[in-house]
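Asks: Before I ask anything, here is the structure I am working with.
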Amino acid sequence: MRVLVTSTPGYGHVLPMVPLAQALLARGHAVLWATAADACRRVRDAGVEATEAGLTEDEISPVRSEIRRSVAGLPPEHLPGHVFPRMFGAARTPPMVDALLPLARDWQPDLLVHEQGELAAPLVATLVGVPHVVHSFGGATPASIVAAAGEAVAPLWSRHGAAVPRYAGCYEHLYLDICPTALQTVPLDHVGAVQRARPVFPPAAGPGLAATMLPEDDGRPLVYVTFGTVHNSAAVLQPVVEAVAGLDVRLVVTVGPDSDPAALGPQPTHVRVERWLPQVDVLARSAAVVSHGGSGTVFATAAQGLPQLCLPQGADQFRNSAGVVRAGAGLGLHPDDATPDAVAASVRELLDRADLRVGAARVRGEIAAMPAPDMVVDRLEQLSPGRGPSRRRG
């Protein structure tokens, strides 16, 4: 089977699909990943062949700035309904179709797998006559938001002589859902066929991390603070770091691979600030996590059974925060309520409340029971007629 994987370039959109791509390769299938140039190295480092397609983060930057201006003043929890259709529908999809369609006609895949934010694949799959699968990067995207994105890309379907489907054509075949039920806050009525898929994270790198990159273990609990790679400005992070650093804890902070740890200023010895750390390693040594509520961090923390505090800033983070609170696996603070005192009090609760640890352990058990990537490959083989080890069609 020949599988064409497609994605936008963001870390949180690429990384959730890596385990499935690796499982397909291990089964003997051919995999080619089409994504923007700035994400190709990330894919190749995971052992998957990659080719350039779609807008880079630099190329989309003017559009992002214009969208931010257009939504200025909206409450942050309302931003996804305005940003997603404009960013992932109207802006990213047309150039991706232009690159992806000739690639698909040349490479002749049996199946396309695309993440929820990459909306060219359904049209391209339709035009070349193969099934396509949408892979979630977190909880389900609300029906109204996907429908609005579908309206934004409808002219592309018409231009290519294809009937305009509902929801940008995303749910015609199969939806791979990596969100544990306990954290899911969006009904799946609009989705159709669903295959659950366990979120999988890179294995721990080994014991050397503790000695070189974490604060010295003095017996106090370790708290991990991260705001991912998008909502990670020093202006947002600094008051959070100061609030947690004032507690009787050790603290490790990651600011993102493209940010400067020095922007947070000098830190006491019990605080360590790094650009990036192997997250599984840090989580294995942590007692609690404070984050922006991004799906990758929330799911990785839940998979470790750790209580977490979500401080959502935008995107799907408010939904993730609500899911964590509903599951009894942690706490959430709206930006209007996330004062330093409130953050410090919430972290103390994470460390002191046994019920939050129990809730987090319950979600960890659910994630562990979800189907592993190799089991998902079984389902994909049933979906596509091109089963078995790949052979180049000529």
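Asks: If we keep just the residues of the range 69-100 that are touching a residue at least 24 places away in the same chain (Cβ under 8 Å) and basic (K, R), which is farthest from I145 (Cα to Cα)?
Replies: Selected residue: R92.
Asks: Okay, next question. Which number in (1) more than 20 Å from L20 (Cα to Cα); (2) touching a strand residue (DSSP E or B) at 6+ places or on another chain (Cβ under 9 Å) marks the one condition that V376 misses?
Replies: The failed condition is (1).
Asks: Continuing with the same structure: Go through (1) in contact with an Asp or Glu (Cβ under 9 Å, 6 or more places away or on another chain); (2) outside any helix (DSSP H, G or I); (3) of a type outside the set (V, I, T); (4) crowded, with 21+ Cβ neighbours inside 10 Å for L32 and report which single condition fails.
Replies: Of (1) in contact with an Asp or Glu (Cβ under 9 Å, 6 or more places away or on another chain); (2) outside any helix (DSSP H, G or I); (3) of a type outside the set (V, I, T); (4) crowded, with 21+ Cβ neighbours inside 10 Å, only one is false for L32: (4).
Asks: Consider only pairs whose beta carbons are under 6 Å apart and that are at least six residues apart or on different chains; among these, list those whose first residue lies in the range 164-180 and is touching a residue at least 60 places away in the same chain (Cβ under 8 Å) and whose second residue is among the polar types (S, T, N, Q) and part of a loop (DSSP other than H, G, I, E, B).
Replies: Cβ pairs passing all conditions: I178/S136.
Asks: If I ask for residues that are out of contact with any His (no Cβ under 7 Å at 6 or more places or on another chain), open to solvent by less than 10 Å² (accessible area, probe 1.4 Å), of a type in the set (G, A, S) and not in a helix (DSSP H, G or I), which ones from the range 1-29 would you list?
Replies: Those that are out of contact with any His (no Cβ under 7 Å at 6 or more places or on another chain), open to solvent by less than 10 Å² (accessible area, probe 1.4 Å), of a type in the set (G, A, S) and not in a helix (DSSP H, G or I): none in the range 1-29.
Asks: Being surrounded by fewer than 22 Cβ atoms within 10 Å (Cβ to Cβ) and more than 19 Å from P373 (Cβ to Cβ) is the filter here, so list the residues in the range 182-193 that pass it.
Replies: A182, Q184, T185, V186, P187, L188, D189, H190, V191, G192
Asks: Can you name the condition, by its number, that V83 falls short on among (1) part of a helix (DSSP H, G or I); (2) crowded, with 19+ Cβ neighbours inside 10 Å; (3) at pLDDT 95 or above?
Replies: (3)
Asks: Separate question: Name the residues in the range 105-124 that are among the aliphatic types (A, V, I, L, M) and over 15 Å from R166 (Cα atoms), would you?
Replies: The answer is L111, L112, V113, V124.
Asks: Could you list, in sequence order, the residues of the range 158-181 that are assigned to a strand (DSSP E or B) and surrounded by fewer than 19 Cβ atoms within 10 Å (Cβ to Cβ)?
Replies: Matches in the range 158-181: none.
Asks: Additional query: Tell me the helices (runs of 4 or more DSSP H) entirely within the range 273-368 that contain at least 2 residues that are modelled with pLDDT of 95 or more, farther than 30 Å from I67 by Cβ and open to solvent by 40 Å² or more (accessible area, probe 1.4 Å).
Replies: 340-352
Asks: Can I ask one more? Output the residues belonging to the range 344-364 that are more than 16 Å from T297 (Cβ to Cβ) and in contact with a helix residue (DSSP H, G or I) (Cβ under 8 Å, 6 or more places away or on another chain).
Replies: Selection gives A344, E349, L356, R362.
Asks: Oh, and also: Looking at (1) farther than 30 Å from V377 by Cβ; (2) open to solvent by less than 20 Å² (accessible area, probe 1.4 Å); (3) over 18 Å from the mean Cα position of the chain (by Cα), which is the only condition L100 fails?
Replies: (1) is the only condition that L100 fails.
Asks: Starting from residues that are modelled with pLDDT of 95 or more and part of a loop (DSSP other than H, G, I, E, B), keep the ones in the range 220-269 and report whichever is least open to solvent (accessible area, probe 1.4 Å).
Replies: V249
The values are calculated or read from the model by the stated rules, or taken from the named source; none is laboratory data. In this text, all values refer to a predicted model and were calculated from it rather than measured experimentally. Cβ sites come from the backbone with ideal geometry, for glycine too, and all protein chains shown count toward neighbours. SASA here: full protein model, heavy atoms, side chains in, ligands and nucleic acids out. Shrake-Rupley method; radii C 1.70, N 1.55, O 1.52, S 1.80 Å.
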